[in-house]
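The values are calculated or read from the model by the stated rules, or taken from the named source; none is laboratory data. All of these numbers come straight from a predicted model, not from anything done at the bench. Heads up, the Cβs are rebuilt from the backbone with ideal geometry, glycines too, and the neighbour counts pull from every protein chain shown.
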Amino acid sequence: MLDYWQGTLSNLPAATVSLLLSLVAGGLLWFLQNRLTRFDDHQVLFRDGSVAYLVQRAALVLGFAIAALPTTTRTADDLPWYSLLGQTYELVWVVVAFVAVRYVVDGVLLRRTANDAELLRGNVALGVVEAGFYLGFGFILNGSLTGASPTMALGLASTVVFGGLGLALVVAVFWLHEAVTPWSIRDELRAGGLTAAFEAAGVLLSVGIVVREGVAGDFTGWGVGLVAFSVTAVVAVVTLYLFRWLANRLLLRGLTIGAVQREHRVVASAFGAVVMVTVAVLVAAVVRTQL
């Protein structure tokens, strides 16, 4: 017991600084996001009480926390003072990635439309989908920062490459989902359709959860890493859609996905999204044991 307390106390200063670095990085991301908007975020959130904008910004904060977890959850042996420099690099990458993905989200979800203007107009549906995007991307960044590499340079390179590949996959799945559905997700989002929003957000978050396993782990070579990522991508898309169809048949008896959308059954759509995320967590656990 005494050894335990001695080890804890000796590690406390570095652990405290590590936590402070994460909090500072989170504050920096919040500040940068505020600077990138053309309105007063504080006014919109805390005085006007915009629910649509709250959903988006709350997901951004939570997505950052998910992404930053590997940089702060270290044991005493992993946390000498010099490792804080590596954590700083990783947190800078997380902040830069989330700032950059803002423009990807804007370009993918509602092209030729000012997403911020839609949120200010009270479009909660758009906020829900952006939330799914940010949370899914947070899981992908989490995976890209998990594991060891032979050198810091290789670690940073693999983090950026696999984080970018994961983002590209999420975007591709959104486009695929738009292509295979008989309704236009973008048109539904512009109209504030929550049924389509929950549907799309569930897909985005679920893919991020499973793909996280494909980018996580120790870096053992580009070939091995790319194969693992590719296999996980295929497993993610095929398995998620298969089990989503099966779960909906069993749980939403008499209601097809198309009927849910046509009849604007928001509760059924939200429940379907929860089911899909639940399936994704289970699929991710299985993938983790196989890679």
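Worth pointing out:
- In this structure, PRO150 does not satisfy being surrounded by fewer than 24 Cβ atoms within 10 Å (Cβ to Cβ), closer than 20 Å to MET276 by Cα, touching a residue at least 60 places away in the same chain (Cβ under 8 Å) and not small (Gly, Ala, Ser).
- Residue selected from region 179-221 under the condition under 27 Å from GLY155 (Cβ atoms) and of a type in the set (Asp, Glu), by the criterion nearest to the chain's Cα centre (by Cα): GLU213
- Only one entry of ALA179, ALA196, ALA172, ALA168 meets the criterion of being in a helix (DSSP H, G or I), surrounded by 22 or more Cβ atoms within 10 Å (Cβ to Cβ) and either of a type in the set (Gly, Ala, Ser) or in contact with a strand residue (DSSP E or B) (Cβ under 6 Å, 6 or more places away or on another chain) (or both), and that entry is ALA196.
- Just one residue in the set VAL96, VAL128, VAL170, VAL161 is among the aliphatic types (A, V, I, L, M), modelled with pLDDT of 85 or more and more than 15 Å from the chain's Cα centre (by Cα); that residue is VAL161.
- Pairs with Cβ under 8 Å, 6+ apart, first in region 179-206 and in contact (Cβ under 8 Å) with a residue 60 or more places away in the chain and over 14 Å from ARG262 (Cα atoms), second surrounded by fewer than 19 Cβ atoms within 10 Å (Cβ to Cβ) and of a type in the set (D, E, K, R): ARG186/ARG111; ARG186/GLU178
- Annotation: of all residues in region 254-291 being in a loop (DSSP other than H, G, I, E, B) and under 21 Å from PRO182 (Cα atoms), the one that is modelled with the lowest pLDDT is GLY254.
- Cβ separations smaller than 6 Å between residues 6+ apart or across chains give the following pairs from region 53-70 residues that are over 13 Å from GLY138 (Cα atoms) to residues that are among the acidic types (Asp, Glu): GLN56/GLU130.
- Applying a threshold of 7 Å to beta carbon distances and a minimum spacing of six or more residues, or different chains, the list of pairs starting in region 123-144 at a residue that is touching a residue at least 60 places away in the same chain (Cβ under 8 Å) and more than 30 Å from PHE219 (Cβ to Cβ) and ending at one that is assigned to a helix (DSSP H, G or I) and of a type in the set (Val, Ile, Thr) reads VAL124/VAL51; VAL124/VAL55; GLY127/VAL55; VAL128/VAL55; GLU130/VAL105; ALA131/VAL55.
- The residues in region 252-291 that are closer than 27 Å to PHE139 by Cα and not polar (S, T, N, Q) can be counted, and the count is 23.
- Meets criteria (within 24 Å of ALA97 (Cα to Cα) and crowded, with 24+ Cβ neighbours inside 10 Å) for GLY208: yes
- Verdict on ARG35 being at pLDDT below 90 and of a type outside the set (Gly, Ala, Ser): no
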